[in-house]
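The values are calculated or read from the model by the stated rules, or taken from the named source; none is laboratory data. Quantities reported herein were computed from a predicted structural model and do not represent experimental measurements. Cβ coordinates were reconstructed from backbone atoms using ideal geometry, including for glycine residues, and neighbour counts include every protein chain displayed. Keep in mind that these areas ignore ligands, DNA and RNA; they rest on the heavy atoms of the full protein, side chains included. Shrake-Rupley method; radii C 1.70, N 1.55, O 1.52, S 1.80 Å.
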Amino acid sequence: MSANTYLTDGERAALESAIVGIAGAGGLGSNCAAHLVRAGVRRFVIADFDVVSESNLNRQFYFRDQVGMKKVEALAVNLRRIEPDVELTLACERLDAARSRELFADCDVVVEAFDSADAKSMLLAAMMPTGKRIVTASGMAGWGRSNEIRVRMIGPRVVAVGDGESAVGVAGAAPHSPRVGIASAMEANAAVALLLGREP
C-alpha cells in the first residue's frame, strides 16, 4: 500500500496498477524510475545491457559501491530502498525492435531513455505501430538553458522531452546531472500525467 498521501484513492490505484516500461537505465532511465516510484508507480519493465561505471556517477542513480554491477540489478536495489514492494521485470540485454515489442507488450507507457540516436529511432519505430503511449527525450546536454527543455506532443501518443538540439558529444555538450535530471523528471512527470489521463 502506498504511503503517498498526496494522491486520491483513484489516482493511487491507477498508478499502482499501471506497468511502465523503461528502455535504458542510464542518466534518463535510472532517475526517471526513481521519480516514478516516488510518484506512486509500483510495476516496471526495465531493460539495459550495460554495467555501472565510475563515469556514470556524475548523473545516474547509482553509487560508488555499485560500480561493476549490471545497471538493471543495481537500479533494482536502489528502487527497492525507496519502495520495497515495487515489482520489477529486469532485462539485462541490448534491445532490438522485435525484442522491444515483446518485452514491453503489457506496458501502459514506455519511456525511451537510450543514449544513442540510433537506439532511440529503433525503439520509436518498433513501438509506435503498437499504439503504446511513449515518452521520449532528445537534447539535454551541457549546462544552463533550463527553459529550453520542453515537453511537446508528437502525434497523439508520443510525448517528447528536451530541447531537441543539444546532443551529447559536441563541444560544450557533455552530459551533466542538472540538465539530465531535469529531462528525466520531465519524462517521469509526462508518464504520470498520461497514466492519470491528464495533459502531459
Qualifying residue in region 56-70 (condition: within 27 Å of Ala18 (Cβ to Cβ), touching a residue at least 12 places away in the same chain (Cβ under 8 Å) and in contact with a Pro (Cβ under 7 Å, 6 or more places away or on another chain)): yes
Residue within region 96-107 that is at pLDDT below 85, in contact with a helix residue (DSSP H, G or I) (Cβ under 7 Å, 6 or more places away or on another chain) and surrounded by fewer than 21 Cβ atoms within 10 Å (Cβ to Cβ) present: no
Residue within region 25-41 that is closer than 18 Å to Ala119 by Cβ, open to solvent by 40 Å² or more (accessible area, probe 1.4 Å), assigned to a loop (DSSP other than H, G, I, E, B) and of a type outside the set (S, T, N, Q) present: no
Test result for Arg80, in contact with a helix residue (DSSP H, G or I) (Cβ under 8 Å, 6 or more places away or on another chain) and either under 21 Å from Ser138 (Cα atoms) or open to solvent by 40 Å² or more (accessible area, probe 1.4 Å) (or both): no
Condition check for Glu112: modelled with pLDDT of 95 or more, under 16 Å from Ala185 (Cα atoms) and among the acidic types (Asp, Glu): yes
Residue under evaluation Val45, criteria (1) part of a helix (DSSP H, G or I); (2) buried (at least 20 other Cβ atoms within 10 Å of the Cβ); (3) under 14 Å from the mean Cα position of the chain (by Cα), criterion not met: (1)
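Answer yes or no as to whether Leu90 is under 24 Å from Ile134 (Cα atoms), outside any loop (DSSP other than H, G, I, E, B), open to solvent by 40 Å² or more (accessible area, probe 1.4 Å) and in contact with a helix residue (DSSP H, G or I) (Cβ under 7 Å, 6 or more places away or on another chain).
Working: under 24 Å from Ile134 (Cα atoms): yes; outside any loop (DSSP other than H, G, I, E, B): yes; open to solvent by 40 Å² or more (accessible area, probe 1.4 Å): yes; in contact with a helix residue (DSSP H, G or I) (Cβ under 7 Å, 6 or more places away or on another chain): yes.
Yes: the conditions hold for Leu90.
Can you find a residue in region 172-183 that is of a type in the set (A, V, I, L, M, F, W, C) and modelled with pLDDT of 95 or more?
First pass over region 172-183, keeping only residues of a type in the set (A, V, I, L, M, F, W, C): 173-174, 180, 182-183.
Then drop every residue that is not modelled with pLDDT of 95 or more, which leaves none.
The answer is no; no qualifying residue exists.
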Members of region 48-77 found to be crowded, with 17+ Cβ neighbours inside 10 Å, in contact with a helix residue (DSSP H, G or I) (Cβ under 7 Å, 6 or more places away or on another chain), among the polar types (S, T, N, Q) and not in a loop (DSSP other than H, G, I, E, B), listed by number: Gln66
Selection status of Val151, open to solvent by less than 70 Å² (accessible area, probe 1.4 Å), modelled with pLDDT of 95 or more, closer than 20 Å to Ile182 by Cβ and not charged (D, E, K, R): no
Number of the condition not met by Asn56 [criteria: (1) closer than 20 Å to Ala137 by Cβ; (2) of a type outside the set (A, V, I, L, M, F, W, C); (3) in contact with a Cys (Cβ under 6 Å, 6 or more places away or on another chain)]: (3)
